[in-house]
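Beneath this line is the structure, given in structure tokens, with notes to follow.
Bear in mind these aren't lab numbers, they're just calculated from the coordinates by the rules spelled out. All figures in this text were calculated on a predicted structure; none of them were measured in a lab. Here the Cβ positions follow ideal geometry from the backbone for every residue, glycine too, while neighbour counts run over all protein chains shown.
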Amino acid sequence: MLAMLLKPVSRAGVIVFATLATGCAMVGPDFQKPEVDAGDAWLQADDERVDSARSEYEDWWAVFEDPALNQLIERAYGENLNLQVAGLRVLEARAHLGFATGLKYPQSQSVGASYVRSKSSENAPPFANLPDSLVDQIDTSVNIWSTSFDIAWEADVWGRFRRGIEAADANLAANMLNYDAVLVTLTGDVALIYTTIRTLEQRLAYVRDNVTLQEQGLELAETRFEFGATSELDVQQSLGLLESTRALIPLLEAQISRARNTLSLLLGMPPNDLHDILGGASAIPGAPTQAAVGIPADLIRRRPDVRAAEMAAAAQSAAIGVATADLYPQFVLAGSIGLSGESFSDQFSSGSGSGFLSPLVNWNIFNYGRIKNNVRVQDARFQQLVTVYENVVLNAAREVEDGLVGFLLGQEEVRHLEQAVIASQRSVELSLDQYDEGQIDFQRVLNSQAALLGQQDSLADAQGRIVSSLVSTYRALGGGWQIREGNSYVDPDTLNEMRERTNWGDLLED
């Protein structure tokens, strides 16, 4: 029906408009992945404990062979709230992509229906000059019923909407990768805090052992004092060392409690002692002597935050094209087709059709440089994100190197401390025997006991740092996100709530 309303010249305009629409250009730059040199090999690649041939760190926590750690990571993956927020942002980005895609099609579509009744004044033109007898015979009221379908479509001649889709698509990819990056951080944080808890428990065990040992020293000093073999000074010095060691127990217990509370938060639960998973005190996880790290180029391919930074730059590159399209004329096709009549039924009678078709051209020429400067703004933002991407790659390489240094040198530190602890334990035994026999003064006993406590504490700390350094290495390599493959970004209960609240179509399906 609309075609019948068009004049020949209008039809020619539509043909020209359609030709423009099908011969579209794409303004703005096409994104090119920035080139960043992450290095050809790790600085410690020559060390036999660094395996550059393998990069199997999808479930890197399994190398510690600790069932409690495995269970903690599994629970954190299912319950962590920050991870759930990241998953919901993926759904938001999907909806944004759907919105951007819809702009390719008619941007304004509406169906309307109306009824208008109007009445003209008998004392105003055109009735004012007519005889009253004639005016009385004329119905000055008018009834109009109408139904219409209106549409407006801007042809994507310069690629404004296609660049918008490109930006939204890259933004969706960035949000999916950010989810993976949050998961990498989460698995690493769980392992680090778990290691901290086990390290603190080991330090606490050493303190309690030393309390028992120092109580023996105090008992020996009191016995010798009672028999007059020594002065009260030995007793008071022994008591002072013992009480200062006892004071470490509540300090370490408080640190353990705070670490468990932090771990509970990562598991998406209120503060909890987590006894059902952690059980009682346990040893620090044993780290393997070798780390499988692959090559630096793996960072760019597999670390999620690096790839997310790349997608953020890609989205901004498309934004330059969106802004550039404003420099060129807009071609809009507006039209309406409808029915109208004096009564409702008249609308459906022959000859009641109405409508119009209007090709429009809009060119914002006099903008005082605003459009050009907006293009420059978008270009500057793009360059910033390229630089951010480069920095993320370099920082990732630094994190791997830092983790490897701590892992490798920590092993040497532990070997020396283990020997120091053995020597200190023997020193305490000898000093107590010699003091009991009156061969040395009590200061030698105090020194050996204090040294043992300090060296055992350093040993536990160093053992924990080996594990933490290896965890940091695997986290820096981008391992751990693979556990979400094949699973939804959002848990089923939340998806059901969203379906009941809003019609999401198929956007909630992975």
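A few notes on this one:
- Karplus (6.51, -1.76, 1.60) ³J(HN,Hα), θ = phi - 60°, over the stretch 297-304, in Hz, Gly and Pro reported as x: 4, 4, 4, 5, 7, 10, 7, x
- Amide H contacts of residue 292 (H built 1.01 Å from N, in plane; Pro and chain starts excluded): 51 sit under 5 Å, all sequence-distant by 5 or more or on other chains.
- Here the peptides 454-464, 210-220 are ranked by packing, the mean other Cβ count within 10 Å, and the order with the highest first is 454-464, 210-220.
- The alpha-carbon positions of the chain define a convex hull whose volume is 272 Å³ per residue.
- Counting Lys and Arg as +1 and Asp and Glu as -1 over every other residue whose Cβ lies under 15 Å from the Cβ of residue 250, the net charge comes to +1.
- Helix 442-476 axis, angle to the chain major axis (alpha carbon atoms, nearest 10°): 30
- Rounded to 10°, Cα long-axis angle of helix 160-226 versus longest principal axis of the chain: 20
- Aspartates and glutamates whose Cα lies under 12 Å from that of residue 119, excluding same-chain neighbours fewer than 8 positions away: 139
- Over the residues of the chain, the helix contribution to mean residue ellipticity at 222 nm works out to -20500 deg cm²/dmol, using -39500 (n - 2.57) for each DSSP H run of at least 4.
- Normalised by the number of residues in the chain, the average gap of Cα pairs under 8 Å and 6 or more apart makes the relative contact order 27 percent.
- When each of 328, 474, 105 is scored by the number of other beta-carbon atoms lying within 10 Å, the sequence from fewest to most is 105, 328, 474.
- At full extension, residue 275 and residue 113 could sit 51.6 nm farther apart than now, given 0.36 nm per residue minus the alpha carbon distance.
- Principal-axis tilt of helix 67-79 within the chain, Cα atoms, nearest 10 degrees: 20
- Straight-distance candidates among the aspartates and glutamates for linking to residue 104, with alpha-carbon spacing under 18 Å and chain neighbours fewer than 8 residues away dropped: 150, 154, 156, 166, 169, 326.
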